[in-house]
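Step one of this worksheet: look at the structure below.
FYI, it's all coordinate maths here, none of it is from the lab. None of the values given here were measured: they were computed from a predicted structure. Here the Cβ positions follow ideal geometry from the backbone for every residue, glycine too, while neighbour counts run over all protein chains shown.
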Ligand SMILES: N[C@@H](CCC(=O)N[C@@H](CS)C(=O)NCC(=O)O)C(=O)O
């Protein structure tokens with residue numbers, strides 16, 4: 001199998017964390033099609049976004065669907081929890097991370113440029129993020145992990161989502177929505193010590209550095225030039 005993924009992509013990072021935690025990285029190659037770098041990912045996959053999983057049976061887009069597929073493929077390594085209620089809790093927390101946190105932060109990225117920024121758009125989207133954090137506060141379990149006493153797919157979604165809350169939002173002038181002394185803050189502090197969380201946080205930081213120092217742009221230009229030759 002091949003995962004179309006990028007270091008800085010939080011939806012991809014969530015799947016990489018699951019792959020590392022399941023110990024199946026030898027079965028999955030990582031790569032990024034040149035079409036993504038050209039802004040033409042829709043030519044590869046109609047939704048036009050990463051991650052996408054390439055399998056012998058065809059392409060699977062959407063991180064949550066890929067996550068379910070991997071769980072189905074390796075049932076003995078599944079990261080969805082053990083009881084029906086456990087699994088429902090994992091799904092709820094993962095949806096909070098995807099829909100209410102990451103999606104709104106992603107839309108806010110369009111407001112990065114201070115010269116063209118609309119504060120009303122930021123306020124609207126960050127209001128939704130604050131609401132999502134409020135829901136997370138009440139849905140998180142009280143242990144080291146998001147649900148129960150072991151790492152689940154909920155943690156795989158929440159690590160990149162909270163990484164974006166803690167860092168990315170400041171790039172368009174918003175405040176970190178994780179309030180000090182909250183349950184979300186204590187969860188965020190402890191989950192960052194998990195070995196698989198450390199791996200994807202390092203990768204996202206590497207991706208951010210490459211974006212900021214121009215390395216990403218250079219690699220993109222090179223890949224596009226090479227693709228034009230073939
Ligand atoms: N709902 C999708 C969201 C994926 C997504 O937004 N991916 C971003 C990168 S993290 C992307 O490909 N953006 C490119 C674009 O919007 O054109 C999922 O869960 O996989």
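Cβ crowding within 10 Å ranks 110, 118 as 118, 110, fewest other Cβ atoms first.
Placing dummy labels 7 Å off each Cα toward the beta-carbon, the span from residue 118 to residue 24 is 4.1 nm.
Volume of the convex hull of the chain (Cα atoms only), normalised per residue: 134 Å³. Cβ crowding within 10 Å ranks 150, 165 as 150, 165, fewest other Cβ atoms first. The radius of gyration of the Cα set in region 23-80, together with its Dmax, comes out at 12.5, 39 angstrom.
Using a ≥ b ≥ c from the Cα gyration tensor of region 1-120 (square roots of the eigenvalues), is it rounded, prolate or oblate, where a/c under 1.5 gives rounded and otherwise the larger of a/b and b/c decides, a/b for prolate? Oblate shape, in that a/c is at least 1.5 and b/c is the bigger or equal ratio. Rounded if a/c is under 1.5, else prolate if a/b is larger than b/c, else oblate: which is region 158-201, with a ≥ b ≥ c the root eigenvalues of its Cα gyration tensor? Verdict is oblate for region 158-201. Taking the fewest neighbouring Cβ atoms within 10 Å as the starting point, the ordered list for 198, 66 is 198, 66.
Among 126, 212, 17, the largest mean-square fluctuation in a Gaussian network model of the chain, built with springs joining Cα atoms closer than 10 Å, belongs to 212.
Between 103, 194, 113, the GNM of the chain built on Cα springs shorter than 10 angstrom shows 113 fluctuating the most.
Can you work out the base-10 log of I(q)/I(0) for region 82-169 at q = 0.12, 0.14, 0.16, 0.25 1/Å, using the Debye formula on its C-alpha atoms alone? Here the Debye-derived log intensity ratios amount to -0.39, -0.50, -0.62, -1.19.
Placing R0 at 45 angstrom, the Cβ-Cβ distance between residue 85 and residue 170 gives a FRET efficiency of 0.75 after rounding to 0.05. One quarter of the convex hull surface built on the alpha carbon atoms of region 111-230 amounts to 9.9 nm², the projected area averaged over directions.
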